[in-house]
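Undergrad: I have a structure here, written as structure tokens, and I will follow up with some questions on it.
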Amino acid sequence: MLEHGGRLRAAAQRYGIPLEDWLDLSTGIAPYGWDLPPVPAQAWARLPEINDGLEAAARDYYGAASLLPVAGSQAAIQALPRLRTHSNVGILAPTYAEHAAAWRREGHRITKLSEGSVHRALPQLDVLLVVNPNNPTGRLIEPARLLDWHDELAERGGWLVVDEAFIDCTPQHSLAAYSDMPGLIVLRSFGKFFGLAGLRLGFVLAAQGLLDELEALLGPWAVSGPARSIARHLLADSDGQRRQRERLLADGERLAALLRDCGLPPTGGSALFQFCCTRRAVPCMELLARRGILIRLFAELDSLRFGLPADEAGWLRLEQGLLDCAPILASLEETS
């Protein structure tokens, strides 16, 4: 249950609380979006075709020269390690564990790095993987530093892979505009910002030659026709994107303020989640879960990650749950 957020059925079974009675804050997915467009009947009845305007809309939205739609960025995470022979792969940690798992599964050598140790490690690396903003800490690395790392890797045929799943609210920090440079691969998630994780759509931004290799590996029709139709519409809706970005940024600040007021000051975060370190992480998670509030526990980091409530009822319920955690947090202060 703790490997990924969103495992609501497992939580319901473990705590004996019906699915419909949960407040799920365990993911970094936007809990709201906007009205979906109607899906044409042919999108359901015919095999997907690539000349439907999706790629053009995505290139405009991301500001990328070339890209490939995939069935969620997770599909690219699992496929990219198959495009290289055995390599030395550095991963900034702690971070989303699926990256290390995918590279290790294909026989690559993994080294977990702190940000401060990257410079010393780069000469020995073939691939450097960075999640930016990081999941779960929210740490954001400036583009200039990432591009310096890329330049050193690219000189000898190496890759910099940047997972930008949570960057839509701060697009000024994206490397999308540089993604046609050899050796730079940028992953973007569609579902998190647009609140449509179930659509299973993501994009790989890279030089066209690498995208051709990846497309051949993934095979035809990787993204469904209905997903392409919906995404093409939303990627072109600049007014809807602006409203979504403003609301998410405001709610991210609201969540950080609520956590601070309730004795859990965030140590990091983004518009879509907040990250709190506390030695009472496990009992706080358990208390909230017994009240039907699911958050993400990182026990090895003594930390919790909170997603955004969807409505005022959710905000009030979270506030009450956090107030119920006050005695647990107070006991930490007494023993410290």
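The values are calculated or read from the model by the stated rules, or taken from the named source; none is laboratory data. Here the structure is a predicted model, which is why all the values come from computation and not from measurement. Neighbour counts run over all protein chains shown; Cβ positions are idealised from the backbone, glycine included. Only protein heavy atoms, including side chains, enter the accessible area calculation; ligands, DNA and RNA are left aside. Shrake-Rupley method; radii C 1.70, N 1.55, O 1.52, S 1.80 Å.
Undergrad: What residue, among those in the range 231-249 that are of a type in the set (Gly, Ala, Ser) and open to solvent by 20 Å² or more (accessible area, probe 1.4 Å), is farthest from Ala56 (Cα to Cα)?
TA: In this case the residue turns out to be Ser238.
Undergrad: In the range 196-223, which residues are over 15 Å from Gln78 (Cα atoms) and under 21 Å from the mean Cα position of the chain (by Cα)?
TA: Leu196, Ala197, Gly198, Leu199, Leu205, Ala206, Val223, listed by residue number.
Undergrad: From Ala121, Ala97, Ala56, grab the single residue that is more than 27 Å from Leu304 (Cα to Cα), of a type in the set (Gly, Ala, Ser), out of contact with any strand residue (DSSP E or B) (no Cβ under 8 Å at 6 or more places or on another chain) and surrounded by fewer than 20 Cβ atoms within 10 Å (Cβ to Cβ).
TA: Ala56
Undergrad: Considering only residues that are of a type in the set (A, V, I, L, M), under 29 Å from Glu300 (Cα atoms) and open to solvent by 10 Å² or more (accessible area, probe 1.4 Å), which ones fall in the range 136-160?
TA: Passing the criteria: only Leu140.
Undergrad: Between residues in the range 1-21 that are within 13 Å of Ile293 (Cα to Cα) and residues that are open to solvent by 70 Å² or more (accessible area, probe 1.4 Å) and modelled with pLDDT of 85 or more, which pairs lie under 9 Å by C-beta distance while being six or more apart or on different chains?
TA: Taking only residues 6 or more apart or on different chains, the pairs are Ala12/Asp21; Tyr15/Arg290; Ile17/Arg290; Ile17/Arg291; Leu19/Arg9.
Undergrad: Within the group Ala326, Ala257, which residue is out of contact with any Gly (no Cβ under 8 Å at 6 or more places or on another chain) and either open to solvent by 20 Å² or more (accessible area, probe 1.4 Å) or at negative phi (or both)?
TA: Ala257
Undergrad: Further question: Can you tell me which of (1) in a helix (DSSP H, G or I); (2) open to solvent by less than 20 Å² (accessible area, probe 1.4 Å); (3) in contact with a helix residue (DSSP H, G or I) (Cβ under 9 Å, 6 or more places away or on another chain) is the one Gly252 doesn't meet?
TA: Of (1) in a helix (DSSP H, G or I); (2) open to solvent by less than 20 Å² (accessible area, probe 1.4 Å); (3) in contact with a helix residue (DSSP H, G or I) (Cβ under 9 Å, 6 or more places away or on another chain), only one is false for Gly252: (3).
Undergrad: In addition: Filter the range 74-94 down to the residues that are open to solvent by less than 40 Å² (accessible area, probe 1.4 Å), touching a His at 6+ places or on another chain (Cβ under 7 Å) and not small (Gly, Ala, Ser), then identify the one that is farthest from Leu199 (Cα to Cα).
TA: In this case the residue turns out to be Val89.
Undergrad: Related question: Among the candidates Gly183, Gly209, Gly219, single out the residue that is small (Gly, Ala, Ser), in contact with a Leu (Cβ under 7 Å, 6 or more places away or on another chain) and over 24 Å from Pro31 (Cβ atoms).
TA: Gly183
Undergrad: Does any residue of the range 269-284 turn out to be open to solvent by less than 40 Å² (accessible area, probe 1.4 Å), out of contact with any helix residue (DSSP H, G or I) (no Cβ under 8 Å at 6 or more places or on another chain), modelled with pLDDT of 95 or more and in a helix (DSSP H, G or I)?
TA: No, because not a single residue in the range 269-284 is open to solvent by less than 40 Å² (accessible area, probe 1.4 Å), out of contact with any helix residue (DSSP H, G or I) (no Cβ under 8 Å at 6 or more places or on another chain), modelled with pLDDT of 95 or more and in a helix (DSSP H, G or I).
Undergrad: Tell me, which residue of the range 161-184 that is open to solvent by 30 Å² or more (accessible area, probe 1.4 Å) and in a loop (DSSP other than H, G, I, E, B) is nearest to Thr137 (Cα to Cα)?
TA: The residue in question is Thr170.
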